[in-house]
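Okay, structure first, notes after.
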Amino acid sequence: MTKIRLATTWLDGCSGCHMSFLDLDERLIDLADRVELVYSPLVDVKEYPAGVDVCLIEGAVSSEEDLRKVRTVRAHTKTLIAFGDCAVTTNVPGMRNTFGTAAVLRRAYQENATLNQQIPREFVPSLLPKVLPVHSVVTVDRFLPGCPPSADLIWQVLNELLTGAAPDPTIHPRFGR
């Protein structure tokens, strides 16, 4: 039996969805028998590979770096799952949309700093004018809502994909592009 090539990644978020993924606990052993984890913050792979069957993508699209990454992931992935509320709706990262990028940078690096009160020009990704949900940038095949989604829900979705079962539409709502 050929193993499914699975990837996980994150954009702008807290990594809580990945923590919930790890809460699969002993089900990770079953999952390891059925998938090959080819890319993830949980493994030491630097470049996103081609030919990924399923990717769980956590976080909102907030920077030029996120934009590049989500497009690369989409180009090399058969089934892309928006993983958690930040990926689905922008959730907490999207709160900055109310204030604008300049005001957020000013508050973080000038008003709240006691030393070196200046906005960095290097090493900080260039922010997009608005934080975007993943589906507004690339086509998303499945949505896995929750902040974070429960381990049981993650397991259900992965199990459906691995067994070829039809998704339950009450658990995986479809959002427009």
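The values are calculated or read from the model by the stated rules, or taken from the named source; none is laboratory data. These figures come from a predicted structure and were not determined experimentally. Every residue, glycine as well, gets a Cβ built from its backbone with ideal geometry; the counts of neighbours run over all protein chains shown.
Brief remarks on what is shown
- Subset of the range 90-138 [at pLDDT 95 or above, polar (S, T, N, Q) and surrounded by 13 or more Cβ atoms within 10 Å (Cβ to Cβ)]: Thr90, Asn91, Asn97, Ser136
- For the range 33-51, a residue qualifies if it is in a strand (DSSP E or B) and not charged (D, E, K, R), and the qualifying residues are Val35, Leu37, Val38, Tyr39.
- Filtered residues of the range 1-50 (kept if charged (D, E, K, R), under 22 Å from Asp85 (Cβ atoms) and out of contact with any Gly (no Cβ under 6 Å at 6 or more places or on another chain)): Asp23
- Qualifying residues in the range 142-153 (those that are over 13 Å from the mean Cα position of the chain (by Cα) and touching a residue at least 40 places away in the same chain (Cβ under 8 Å)) - the one surrounded by the fewest Cβ atoms within 10 Å (Cβ to Cβ): Ser150
- Gly100 being under 19 Å from the mean Cα position of the chain (by Cα) and among the small types (Gly, Ala, Ser): no
- Of all residues making up the range 1-22, the number that are more than 11 Å from the chain's Cα centre (by Cα) and either surrounded by 15 or more Cβ atoms within 10 Å (Cβ to Cβ) or among the small types (Gly, Ala, Ser) (or both): 5
- The residues of the range 41-73 that are surrounded by fewer than 18 Cβ atoms within 10 Å (Cβ to Cβ) and touching a helix residue (DSSP H, G or I) at 6+ places or on another chain (Cβ under 8 Å), listed by number, are Pro41, Leu42, Tyr48.
- Inclusion of Ala87 among residues that are buried (at least 20 other Cβ atoms within 10 Å of the Cβ) and either touching a His at 6+ places or on another chain (Cβ under 7 Å) or of a type in the set (Ser, Thr, Tyr) (or both) is not warranted.
- Pairs meeting the criteria (first residue in the range 1-29 and of a type in the set (Val, Ile, Thr) and at pLDDT 95 or above, second residue assigned to a loop (DSSP other than H, G, I, E, B) and surrounded by 14 or more Cβ atoms within 10 Å (Cβ to Cβ), beta carbons under 8 Å, at least 6 apart or on different chains) are Thr8/Ser40; Thr9/Ser40; Thr9/Tyr48.
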